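Below: the structure, in C-alpha cells.
Throughout, read-outs are computed from the coordinates displayed, never taken from laboratory work. All values reported here derive from a predicted model rather than from experimental measurement. Note that we place each Cβ from the backbone using ideal geometry, even for glycine, and neighbour counts take in every protein chain shown.
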Amino acid sequence: MKKNIQCLNIFYKTKWRNIHNSSIVRSKENLNLQKIYTGEKQNFNKVSFKKEKIEDVIKEVKFDYYYFNEGKKNKYKDIPLNISIINESDFPPFKAVDEKLHFSVLENDLKIISTNRNNSVCSIEINDKVNEQGMSVMLENMAFHSTAHLSHLRTIKSLEKIGATVSCNAFREHMVYSCECLKEYLPIVTNLIIGNVLFPRFLSWEMKNNVNRLNLMREKLFENNELYITELLHNTAWYNNTLGNKLYVYESSIENYTSENLRNFMLKHFSPKNMTLIGVNVEHDELTKWTSRAFQDYVPIPYTNQKEVTPKYTGGFISVEDKNVKKTNIAIAYETQGGWKSSDMITLTVLQTLMGGGGSFSTGGPGKGMYSRLFLNVLNSYNFIESCMAFSTQHSDTGLFGLYFTGEPSNTSDIIKAMALEFQKMNRVTDEELNRAKKSLKSFMWMSLEYKSILMEDLARQMMILNRILTGKQLSDAIDSITKEDIQRVVHNFLKTKPTVVVYGNINYSPHYDEICNILGHK
C-alpha cells in the first residue's frame, strides 16, 4: 500500500497541475455529431376534438365493475405435457414488428407519441414540466387518490380488477404519471390516468392520512447512500437555487402541504402544452381517440409562458456525518454546460462508460466493466478503495460529471489524490479504450430500450427538452462519431469550473475544501 501511495504523491506533485496551465489543443465542435443531434423536428398530425354521444362511447368499452369470474373448467387438464396443445396452423405467418414512432397533437397542444411492438402488455405515461421546490413531491404523494369521477377506493378496485399497475414519480424538472396493463384495457386506464392528472380532489382526510408518507419518503432517501449523495451534490452545486432545491419535503415545509397550494401548483404548470403523452405497445389511433375523448369537455388551464430561470452553478463543499456508515463516501463533480440541449451529452456518456468503475468484489463475466479505466487503474491498485464509479447527471441545460469513491476513512486524503489523478488523465484516451467504450455504450443503450419504462422516459425527455426524437439508430451513429478530440474538449471545459465536493459517512479524516481544491489543482 505504501508503494502505491508514494507513487501517487509523486505523480500528483509533478504532473497534475499541468492540466490547468498546459496549452491543450481546443478542438472544434464535432460537425457530424451536431448534424445528427440537431436534425429536423418531427411532424405532428393535428387531431381535432369531435363531439360524440356518451351513450355510444360507453358501448365501446366492455368492462363490468361488479363482475366476478367464477372460473371455467380447464379443457387442457387431462392432456399430458408431452402432447402439444398448440395448433401451429392457427398462427399467422411471421411478420417483422414495425416500431415506427407516431406523432399527434390535440387542439389543446397536448403531444401524443406512441410505438407498437405488438406486445400484449401496453404502457402509457403522462409527463409534465415542473420545477418548484417540494410541491411536486407533495403532488406525487396524492397521486391516484379521489378524483372528480372516482373515489380513492373505486380507483384502487378498478386497477385491481384489470390487473394494472400505476405509479407517479416527481423529478427535478418534470413529473411522470404512468400505467401498465393489458392492451384491451387501454380505454379504461387512459381515462383513469388523465382523470388523476386533471381532476384530483385533494380531500382533507386523504391528505391528513398521507402526511406521514412525506416523512417516510425523506427517510428512505437518507437510507440510500447513492441517492442521498446525488441529492447533496445538487444541493451544493446549485446552492439555494433551481436544481439545488431539495427534491424531498423537509419538516419545515410540511405546513405547505395544503389543497390550496397543490391546486395553485397545478394551475401554474399543468397546462396541456406542458404535457406529453407516451404510449408503448398501443395502436396510435386508438390512443389518440381515447385521449381526445378524455380532453373533449375539459376546459384547459391557460398556458403561461413562464420565464425560465437559468440554474446558477455555485460549486462548493459539504460534509455530512453518519455514524451508521463506517466508510467514507466522496463525490467530486464539475459543471457541464448545455445538458440535454448540447450534443456534448453524448460525449460525456461515452466518457462515463470509458471511465466505468465497480466494486472491490466485482467478478468476471461479460458486461462487468473489468476493462474500464477506473477498474484497472484504481480498484486493481489501491486496496483502501472499496468502490469507484464515474457518473454523468444531465438536466435540460446544465449537468454534472464526476467521480464517486468509497474507501477507508483513514485514507481519505489518498482517495482524493487518486480521484485527482483520474481527472488529470481523462484527456488522454487511446483508440482501444474509446472503441471499447463506444461498443459497450451502444450495447447498453439497445438493451435498455427493450424496457418499456426506459423507452417512455427517453421519448418524453427528448420531446420536452429537444422538441424532437432521436431514434436508436441516430443515437448509435452519434456515439460512433465521437472522437478523442471531443473527449479532450469536454474534459478541458468542465475542469475549468469550480469543483463540487461531497463527503459523507465517516468524515473524521476529511480535508478542508481549500486543501481538496489544492489537491485537484485549483488555486
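Overview of results
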quantity	calculated
Of LYS208/LYS246; LYS246/LYS307; LYS46/LYS95, those spanning more than 26 Å from alpha-carbon to alpha-carbon	LYS46/LYS95
Semi-axis lengths (Å, descending) of the ellipsoid that matches the C-alpha gyration tensor of the chain	45, 28, 24
ASP297-ASN493 pseudo-label distance in nm [points 7 Å out on the Cα-to-Cβ vector]	5.2 nm
Among the listed pairs LYS41/LYS268; LYS438/LYS484; LYS183/LYS452; LYS41/LYS473; LYS41/LYS439, those beyond 21 Å (Cα-Cα)	LYS41/LYS268; LYS41/LYS439
Spread of Cα-to-Cα distances over 10 Å intervals beginning at zero, given as percent, for segment 315-520	8, 33, 35, 20, 4
Residue-span extension gain [ASN87 to LYS268] - 0.36 nm each, minus C-alpha spacing	59.5 nm
Distance-filtered residues of segment 467-481 - backbone nitrogen under 20 Å, label point 7 angstrom along ASN32 Cα→Cβ	470-481
Potential lengthening between ASN43 and ASP64 on full extension [0.36 nm per residue; Cα-Cα distance subtracted]	3.7 nm
Computed label-point distance, nm, for sites MET370 and ASN215 using a 7 Å Cα→Cβ extension	4.8 nm
Sites SER120 and GLU308, calculated FRET efficiency, Cβ-Cβ separation with R0 35 Å, nearest 0.05	0.25
Segments 466-476, 495-505, 110-120 sorted - mean Cβ within 10 Å per residue, highest first	495-505, 110-120, 466-476
Two-decimal ratio, segment 100-295, of alpha-carbon radius of gyration to 2.2 N^0.38 Å	1.07
Chain lengthening between LYS326 and GLU107 when straightened (0.36 nm per residue, less Cα-Cα)	73.1 nm
ASN224-HIS152 pseudo-label distance in nm [points 7 Å out on the Cα-to-Cβ vector]	2.4 nm
